[in-house]
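The values are calculated or read from the model by the stated rules, or taken from the named source; none is laboratory data. Remember, it's a predicted structure, so these values are computed and weren't measured experimentally. FYI the Cβ positions are ideal-geometry reconstructions off the backbone, even for glycines, and counts take in every protein chain you see. Calculation scope for accessible area: heavy atoms of the full protein, side chains included, ligands and nucleic acids excluded. Shrake-Rupley method; radii C 1.70, N 1.55, O 1.52, S 1.80 Å.
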Amino acid sequence: MTTRHGEQLDQAADGLDPLAALRTPADPRCDVYLTGSVFLDIIFTGLDSAPVRGTESWARGMGSSPGGVANMATALARLGLRTSLAAAFGDDHYGEYCWDALEQGEGIDLSLSRTVPGWHSPVTVSMAYEGERTMVSHGHEAPPAESEPDCPPPARAAIASLTPSRAEWIAQAARKGTRVFADVGWDETGRWDPADLADLEHCEAFLPNAEEAMRYTRTECPRAAAHALAERVRLAVVTLGVDGAYAVDGATGESAQVPAIAVEALDPTGAGDVFVAGFVTGTLADWPLADRLAFAGLTAALSVQEFGGSLSAPGWSEIAAWWQYVQGCEDQDPAALRRYAFLESLLPAPTRPWPLRRAVPTIGFGRSA
């Protein structure tokens, strides 16, 4: 097994560093550390309906990009956070493409990642239609590393899923002073055992969706679930889909709800990861709770208007272009726009009109002579 090293942490996306005013020489070099599985995502969009058995369907759009944990890593890096990812990569063309796209294309530090000889990359095919998605995945678990790196490294923040295999990892990060932001997957067993959330004691924030939050807390509304979770973690953030998000600060008792931005969704792949990345950015930058929710919701809304998880994650250029665009729309509610007025002092001057995207949705073109 081999390890490749990247020196990308000092690259801030679009030249904007949201933590510039807070940095000191004593800070850890890494803003956010995360680990997980990287998939090659192949995304089909523009389907009129779900594929029908025994027929062939044609999609009007298609893209390829690193997926899985790469969605979150890309979203963080594009918001200017110095992001370190520990993951296994296959030594096939898919793995090489994903590594280069993340390290060279997005400036993500992969010095804690490794290439596994003879192991093929996991693949997910995602089909987006009617505002939803259907996915088919294939892959095998990567063999264990011959020697584990010193993980987690010093970092301002870490993002992890609450699973038993991550328990010691989360505790180690918290002991080092890292602020841990946690999410959780769907419980296929149907037990929704609150004991599975034991690691919340080590976490700064927990960001489940409404259904997950209500099932774990045995409550009947997302707000009640958020308040119940805030008894176990400093920040409980419950995403509400088209209704936005609701958050409770368990230490101060402060709560906030911000409505979602109404958009025409092309592909929701990775929107939850983008939301978390936006909320982490606002939290590390020490913004007010409502501003963090608004920013997270905005970045997620921008992402669903394009296809692909990591392909669609917005950077500051996209956000600046959107802000300039909506202020010039006559049908915008001035009161609703004021919710995002805090962006005015943060955003760079837009250089291109909205909408725009930087990623190239393909595995790669051959080199021209």
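List of remarks:
- In the range 177-232, the inverse of the mean reciprocal separation of distinct Cα atoms equals 11.6 Å; this is its Kirkwood hydrodynamic radius.
- Å² per residue, accessible surface of the range 116-230 at 1.4 Å: 52
- For the range 19-151, the fraction of 1.4 Å probe accessible surface lying on carbon and sulfur atoms is 53 percent.
- Scaled to the globular estimate 2.2 N^0.38 Å, the Cα spread of the range 50-209, given as radius of gyration, is 1.18.
- Using the alpha carbons alone, the radius of gyration of the range 30-103 stands to its Kirkwood radius in an Rg to Rh ratio of 1.10.
- Cα-projected label distance for Trp186 with Thr163, points at 7 Å along beta-carbon direction, nm: 1.6
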